[in-house]
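Visitor: Structure provided below as C-alpha cells; questions to follow.
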Amino acid sequence: MLLALDVGNTNITLGVYEGDKLLFVTRMATNPPRMEDEYAAAMLSILHLYDIHTAQIDGAILSSVVPRLTDNLARAIRRVWKVEPFIVSTATVPDLKVRRDMPNTLGADLVVGAVAAKELYPCPCIVIDMGTATTLTGLNAEGEVCGVVIIPGVGTSLDALTSHAAQLSSVSLNAPPQVLGRNTMECIQSGMVFGTACMLDGLCDRIEEELGARCTVVATGGLAGLVVEHCRREIILSDTLLLDGLKLIWDHYCA
Ligand SMILES: Nc1ncnc2c1ncn2[C@@H]1O[C@H](COP(=O)(O)OP(=O)(O)O)[C@@H](O)[C@H]1O
Ligand SMILES: CC(C)(COP(=O)(O)O)[C@@H](O)C(=O)NCCC(=O)O
Ligand SMILES: [K+]
C-alpha cells in the first residue's frame, strides 16, 4: 500500500492507496508544527483507525509547501514504515515542463496538481487550488506549466479583513441568498463567495486569452466546493486531484 501526503499551509491531507484504489482520505492540521515522534504517533494512530497495519505500507510519497515540516514528516515515515519517502519537487518530477523563471520555486502542490491535470484532463487546462492561497495554474496544449496566479485564499482574506476592520467580525463561509447583502454577515459572505467566483471566471477568461485557446478548468482544495458552484463557467470539481497526482507520480517514477 502507498501512503500519500500533501502538506499545505492549513492541512496535511493523507491518503492510502491499495493498487489504484484510494482506500481513505483524512486530514491533520498543519499548525502547530510537530516533532518527528509526534508525526509518527499521529500517522500510526490514524492508519490504525482505518485498520491499516504497519507491514502493509510499502511506499510513501510526500509533497510539501511547508519546508520546516518536511524533514520531520519524512523522518517519521522512515522510522515507522522503513521506507524512503519520494519527495515531490520540480527536480524529482523532471517530465513536467515548467516555463517560468526559476522553475524550481514552483510549489510542490502546484507540481502535483499540474501532473494530475496533464494526465487526467484535456489540455490546455487551468488548475484552481483553493486552500490557504487560491492558485490558478495554466497548462498549454502540451501540458507544460506556462504560469501561475497566486491570490490570498478565501479564509485568509476573511481573516485579514476582520482583523483590520473594527466593525467586522468573522462569518461562516456560506453563500448568502443574494449578491446584495442585507446585513453585515451577508455582505461579507457575498464578497467572499460571489467575489471569489467572479474573480475565478474573470481570471480564467484572461488566462485563455494568454494561452490563445479554450481551456478545461478543474478545481480542488478545501474551499473549492463552496465557491465553484457560483462560477458562470463550467469547472470540474475534484476533491482528490492532489492525491491522484501523487499516485501518478509514484507510478511513473517509483513503481
Ligand atoms: N472537507 C474539508 N477538508 C479540509 N478543509 C476544508 C474542508 N472543507 C472546507 N475546508 C476549508 O478549506 C481550507 C483549507 O483548504 P486546504 O486545501 O486544505 O488548504 P491548504 O492546502 O492550504 O492546507 C480551510 O479554510 C478549511 O476550513
Ligand atoms: C502558493 C502556495 C502558498 C499555495 O499553498 P497552499 O494554499 O496549498 O497552502 C504554495 O504553492 C507555495 O508556497 N508556492 C511556492 C511559490 C510558487 O509556487 O511560486
Ligand atoms: K494544497
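Visitor: Does the stretch 35-56 contain at least one residue that is among the β-branched types (Val, Ile, Thr), within 16 Å of ligand 1 (Cβ to nearest atom) and either over 29 Å from residue 104 (Cα atoms) or modelled with pLDDT under 95 (or both)?
Guide: Yes; the residues of the stretch 35-56 include at least one that is among the β-branched types (Val, Ile, Thr), within 16 Å of ligand 1 (Cβ to nearest atom) and either over 29 Å from residue 104 (Cα atoms) or modelled with pLDDT under 95 (or both).
Visitor: Somewhere in the stretch 153-176, is a residue under 22 Å from the mean Cα position of the chain (by Cα), within 16 Å of ligand 3 (Cβ to nearest atom) and closer than 16 Å to residue 207 by Cβ?
Guide: no
Visitor: Inspect the stretch 70-81 for any residue being under 26 Å from residue 93 (Cα atoms), assigned to a strand (DSSP E or B) and either in the same structural domain as residue 134 (by TED's automatic domain parsing) or within 16 Å of ligand 2 (Cβ to nearest atom) (or both) and give the result as yes or no.
Guide: no
Visitor: Quick check, is residue 215 farther than 20 Å from residue 140 by Cβ, away from ligand 2 (no atom under 16 Å from the Cβ) and at pLDDT 95 or above?
Guide: no
Visitor: If a residue must be among the aliphatic types (A, V, I, L, M) and touching a Cys at 6+ places or on another chain (Cβ under 9 Å), how many such residues does the stretch 214-244 contain? Spell out the reasoning first.
Guide: Keep residues of the stretch 214-244 that are among the aliphatic types (A, V, I, L, M), which gives 217-219, 223-224, 226-228, 235-237, 241-243.
Of the ones still in play, those that are also touching a Cys at 6+ places or on another chain (Cβ under 9 Å) are 217-219, 235.
Residues flagged as among the aliphatic types (A, V, I, L, M) and touching a Cys at 6+ places or on another chain (Cβ under 9 Å) within the stretch 214-244 amount to 4.
Visitor: Further question on the same structure: Please indicate, with yes or no, whether at least one residue in the stretch 62-72 is within 19 Å of residue 249 (Cβ to Cβ), in contact (Cβ under 8 Å) with a residue 12 or more places away in the chain and out of contact with any strand residue (DSSP E or B) (no Cβ under 8 Å at 6 or more places or on another chain).
Guide: no
Visitor: Also, quick follow-up: Any residue at all in the stretch 154-172 that is surrounded by fewer than 20 Cβ atoms within 10 Å (Cβ to Cβ) and in contact with an Asp or Glu (Cβ under 8 Å, 6 or more places away or on another chain)?
Guide: Among the residues of the stretch 154-172, at least one is surrounded by fewer than 20 Cβ atoms within 10 Å (Cβ to Cβ) and in contact with an Asp or Glu (Cβ under 8 Å, 6 or more places away or on another chain), which makes the answer yes.
Visitor: In the stretch 227-255, which residue that is assigned to a helix (DSSP H, G or I) and within 15 Å of ligand 2 (Cβ to nearest atom) is nearest to residue 142 (Cα to Cα)?
Guide: From the stretch 227-255, those assigned to a helix (DSSP H, G or I) are 227-228, 241-253; that's our starting set.
With the extra rule that they be within 15 Å of ligand 2 (Cβ to nearest atom), the set shrinks to 227, 241-243, 245-246.
Numbers: 227: 29, 241: 19, 242: 20, 243: 22, 245: 17, 246: 20 Å.
Here the residue is 245.
Visitor: Mind listing just one residue for me: the one in the stretch 96-114 that is away from ligand 1 (no atom under 16 Å from the Cβ) and not β-branched (Val, Ile, Thr) and, of those, modelled with the lowest pLDDT?
Guide: Looking at residues that are away from ligand 1 (no atom under 16 Å from the Cβ) and not β-branched (Val, Ile, Thr), I get 100.
The values are calculated or read from the model by the stated rules, or taken from the named source; none is laboratory data. For clarity, every value in this text was computed on a predicted model and none was experimentally measured. Neighbour counts are summed over all protein chains in view; Cβ atoms, including those assigned to glycine, are modelled from backbone coordinates with ideal geometry.
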